[in-house]
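Just so you know, all these numbers are worked out from the coordinates, no wet-lab data involved. Computed from a predicted structure; not experimentally measured. For neighbour counting, all protein chains shown are included, and Cβ atoms are generated from backbone atoms with ideal geometry for every residue, glycine included.
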Amino acid sequence: MAPILRVDRVTKYFAGLAALKEVSFELQPGGICGLIGPNGSGKTTLLSIIAGSLQPTSGAVVFQGRDLTGAKSFRVAQAGIVRTHQIPRPFRALSVLENVAVGISFGRGQRSASKTRDAGRVLELVGIAHLAHAPAARLSVGDQKRLELARALATQPSLLLCDEVCSGLTVSETTSVLRLLREIQKAGTTILYVEHNLKAIMSVSHHVIVINYGQKLAEGTPEAMQNDASVIEAYIGRTAEN
Amino acid sequence: MESTAPLGMTEPGNSAASSRLRFALTVAPFLLLALLAVLPLFDLGPNTIRLLFVTFVWVTVSIAWNILGGFGGQVSFGFAVFYGLGAYATALAINRGVNAFFSLVLAGGVAVLASLLVGVPTFRLKGPHFAIATIGVSEAVRVVMTNLSITGGASGYRIIETGTFHQVKHYFAALALAAVAVAVSAFVRRSRFGLALIAIREDEEAASDLGVDPFRTKLLAHALAALLTGAAGGVYAQYAAYIHPQGVFSFNVGVAILLMPIIGGIGTVWGPVIGGVVYGLIHEELIASFPQLHLLIYGSLLILIVLFEPGGVVGLLDKSYRALTRTRRVSGSHP
């Protein structure tokens, strides 16, 4: 099967400091791919480059055979890749429904009919349909995370980039968000999931990519990664042997 | 920036009172327009008509600024450029035999062109940087116009009157333009374009992440605002028949245009209208009564508003209405 996304030797420098060094990988369509690594390893930078929020210093991002390297984020969204933010960024003056309407009106699905039905369905899916008319500024953190997902899904993406959707959530909220990610994936959206929480990511991912110090360390099944010596070392350090 | 939702759009009310209020708010603008349209039939005297005329012009410009600044969150100090260019374009066109209506179309067109010239470089800047750039552009245009010989430079430019002067004709032109501006603003607020503008104001990067093209959207809002502002400048020039750079291009004009929607309620449909009325009526009175002090009084008013009610007059009304309905509900539950 042709990969949905190809990241080819992506390098990013911030004023001489290498945040990413020649990271390459391919994503197969349909699954949930976890992207893990210790704090500061470059996970969010990589996600931002794929989403068009940041431009790479060198390297290429190819999506469904189309070169999106250096494309602005709104073009990337219109092509079918959408991201969520680790700290939710709702349009606070707009209602929950209007927030979702932005995604519907401008994302990849913008030409599809029945927009109000789409909005209702997305809110239903993430479980905040009862808050449709509430101002986004009044949502709890958990509901803001759901809105962040709802808004992204409203663009009808082929590839969803999730940045730590579970950080700051309670155990039961985390469980329900992970269940939601599985539902989204089953409905046909490929997910690249950046997460610091190893337990969360190992439980939902079909494939895991590990990066450290801006370089790809390893990739494989969740089981293989949990037992990979270099991954354990990156996360816990050598003292793990004690 | 937190902004209040426009009147009647805060939350879906389910009581009969709130649906009655919404009906009243929908009908009120049409009644007001009808009233203003028949007003000249009563003999109000030229001073009152003049005051209303000036108010309509300010209301139009206030609404125009709010499309970019209120909905889109892009604070521009440079709207005097469009107002002045519209005024000059109209005056020049009329003196070359163009009729009144087409000279206004021309005024709007020139202003739109200017908005693109200003917008393409300045919309690459964000927040305060954009605001400062617009001050620079505005001052540069004023200096150029002060020294441009074909328009008379600093001494101004006069429209050579060919027919007799009918004040009422100008009154209706200004009223029609203000009505169009309200309709455009209300339409923008409910449209996909308005949604994009508000999303950009709230979080430009997040809006772009969802597929909104911020640069194009801002440029379009700037052009629409310039179109209305240029036409308003044209309507004013036709009435005044004499314009000069210090009058239409001054920094004070640019600031006044931005203050009106802030006073009335930024980012709402009716706030800029109220702000324009407050400015038009009070400002003209203040200038007449306190020629040296009017800016001080106006400035103090502005500070009070920004400190105590950032939502402007509309925010104040919205709060009072909610407080009122809350008391009623509470007293209703304890008969």
Taking trypsin sites (Lys or Arg not before Pro) as exposed when in a DSSP loop with at most 16 other Cβ atoms inside 10 Å, chain A has its longest clean stretch at A:112-242
For the stretch B:28-182, the dipole about the Cα centre with charges only on Cβ (Lys and Arg +1, Asp and Glu -1), to the nearest 20 debye, works out at 240 debye
Descending packing, highest mean Cβ count within 10 Å first, for B:275-287, B:220-232 is B:220-232, B:275-287
Across B:197-208, the residue-averaged tally of Cβ atoms belonging to other chains within 10 Å stands at 6
Taking the reciprocal of mean 1/r across every pair of different Cα atoms in chain B, the Kirkwood radius in Å is 20.7 Å
Computed about the Cα centre, the charge dipole of chain B from +1 Lys/Arg and -1 Asp/Glu charges at the Cβ has a magnitude in debye, to the nearest 20, of 500 debye
Distance in nm between residue B:16 and residue A:13 label points, each 7 Å along Cα→Cβ, equals 7.4 nm
Applied in sequence order to the stretch A:159-166, the curve 6.51 cos²θ - 1.76 cosθ + 1.60 (Karplus, θ = phi - 60°) yields integer Hz couplings, x standing for Gly and Pro, of 10, 9, 9, 9, 9, 6, 5, 9
Dividing the helical contributions, -39500 (n - 2.57) per DSSP H run of n ≥ 4, by the residues of chain A yields a 222 nm value, nearest 500 deg cm²/dmol, of -11000 deg cm²/dmol
The answer for residue A:5, listing residues at least 5 apart or on another chain whose modeled amide H is closer than 5 Å to its amide H, is A:27, A:64
Amide H proximity to residue A:83 below 5 Å, modelled H, separation 5+ or other chain, gives A:161
Residue-ordered couplings for the stretch A:77-87, obtained by feeding phi - 60° into the Karplus form 6.51 cos²θ - 1.76 cosθ + 1.60 and rounding to whole Hz (Gly and Pro as x), are 5, 5, 7, x, 10, 10, 10, 10, 9, 4, 9
For the stretch A:88-154, whose charge dipole is built from +1 on Lys and Arg Cβ atoms and -1 on Asp and Glu Cβ atoms, the candidate among A:120, A:106, A:142 with its Cα farthest towards the positive end is A:106
Quick calc, the stretch B:169-287, dipole around Cα centre from Cβ unit charges on Lys, Arg (+) and Asp, Glu (-), nearest 20 debye, gives 400 debye
Mean projected area, convex hull of alpha-carbon positions in the stretch A:88-154, reported to one decimal in nm², is 3.8 nm²
Length-normalised contact order of the stretch A:88-154, Cα under 8 Å, at least 6 apart, in percent, tallies to 53 percent
With x for Gly and Pro, the residue-by-residue ³J(HN,Hα) of the stretch B:210-216, computed from phi through the Karplus equation 6.51 cos²θ - 1.76 cosθ + 1.60 at θ = phi - 60° and given in whole Hz, is 9, x, 7, 8, x, 4, 5
Here the relative contact order (percent) of the stretch B:143-279, from C-alpha pairs under 8 Å and at least 6 apart, is 28 percent
Here the Kirkwood hydrodynamic radius of the protein assembly as shown, Cα-based and in Å, equals 26.6 Å
The simple spin-label model distance between residue B:162 and residue B:282, using points 7 Å out along Cα→Cβ, in nm, is 4.3 nm
For the protein assembly as shown, percent of DSSP beta bridges that are antiparallel (nearest 5) comes out at 60 percent
The long-range amide H neighbours of residue A:19, using H built 1.01 Å from N in the peptide plane and a cut-off of under 5 Å, are A:12, A:13, A:14
Cα-Cα pairs in chain A separated by more than 30 Å, as a whole percent of all pairs, come to 24 percent
Between the modelled labels at residue A:172 and residue A:199 (7 Å from Cα along Cα→Cβ) the distance in nm is 1.6 nm
Each residue of A:67-74 has, on average, a number of other protein chain C-beta atoms within 10 Å of its C-beta equal to 3
In chain B, taking the dipole from +1 charges on Lys and Arg beta carbons and -1 charges on Asp and Glu beta carbons about the Cα centre, the listed residue (B:35, B:76, B:304) farthest towards the positive end is B:35
Percent relative contact order for chain B, counting Cα pairs under 8 Å at least six residues apart, stands at 32 percent
